[in-house]
1. Quick check on my filter: what residues within segment 16-47 are over 14 Å from the mean Cα position of the chain (by Cα) and part of a helix (DSSP H, G or I)?
2. In this structure, does Ile81 turn out to be β-branched (Val, Ile, Thr) and surrounded by 16 or more Cβ atoms within 10 Å (Cβ to Cβ)?
3. Tell me which residues, restricted to segment 20-47, are among the basic types (Lys, Arg) and surrounded by 14 or more Cβ atoms within 10 Å (Cβ to Cβ).
4. State the number of residues belonging to segment 5-18 that are more than 16 Å from the ligand (Cβ to nearest atom) and surrounded by 10 or more Cβ atoms within 10 Å (Cβ to Cβ).
5. Condition first: of a type in the set (Ser, Thr, Tyr) and in contact with a Ser or Thr (Cβ under 9 Å, 6 or more places away or on another chain). Now tell me which residues in segment 77-126 satisfy that.
Amino acid sequence: MIKFVYQNKPLGTGDAVLKTKKFIKDKFFLMLLPDDLIIKKNCSRSMIKIHKKYNTSVMASMNVKRSNVSRWGIYKLKNKISKNNYLISDVIEKPSVKNAPSNKAVIGRYILPREIFSKLLNQKPGKGGEIHITDAIQKLIKNNKKFIAHNFSGKYLDCGSMSGYIKSTLEIAKS
Ligand code: G1P
């Protein structure tokens, strides 16, 4: 069964997630951003495996060019826990090149804990006046909640920028 909630104003990813609060009954839930396509390998499935193994939150991640960090949520790595999986010690929404803790970006697949709703409820607008899921995640990490970054092995198509959208359309048309 699919239930829809509507975000009448574009107030950010966190605001959108908050609208689903009454439907989320489990301890963890999977969130997918529709403009981030990952093809050739099922990224959500790999993340669910990791979640089951470590019983923690998980986010998809990949390395990006240092000059492009301000397009993404960028995280700081604490330590490697297994092949392609890292423990996160901080995450910042769209930092400047100067303030970025690394060149490791969060891509739109998240396994989040229900506790995130309590952070979102009191959250002030961040970058660009939006309620970002990244800021709520940052608060949970500061409260010692574990988040794993999973460097996925599928192919990423970014539909969140005009050039990325055009490139993605061509790529999908080929396959
Ligand atoms: C959103 C998130 C950002 C993440 C990105 C992945 O940004 O806010 O942290 O890195 O998705 O695509 P948006 O693409 O909505 O600007």
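Each value in this text was obtained by applying a stated rule to the coordinates, not by laboratory testing. None of these values were measured; they are calculated from a predicted model. All Cβ positions, glycine included, derive from the backbone under ideal geometry; neighbour counts span all protein chains shown.
1. Correct list: Leu18, Lys21, Lys22, Phe23, Arg45, Ser46.
2. On the way: β-branched (Val, Ile, Thr): yes; surrounded by 16 or more Cβ atoms within 10 Å (Cβ to Cβ): yes.
Spelling it out, Ile81 is indeed β-branched (Val, Ile, Thr) and surrounded by 16 or more Cβ atoms within 10 Å (Cβ to Cβ).
3. Lys21
4. Residues flagged as more than 16 Å from the ligand (Cβ to nearest atom) and surrounded by 10 or more Cβ atoms within 10 Å (Cβ to Cβ) within segment 5-18 amount to 1.
5. First, pick out the residues of segment 77-126 that are of a type in the set (Ser, Thr, Tyr): 82, 86, 89, 96, 102, 110, 118.
Of everything in segment 77-126, those that are of a type in the set (Ser, Thr, Tyr) and in contact with a Ser or Thr (Cβ under 9 Å, 6 or more places away or on another chain) turn out to be Tyr86, Ser96, Tyr110.
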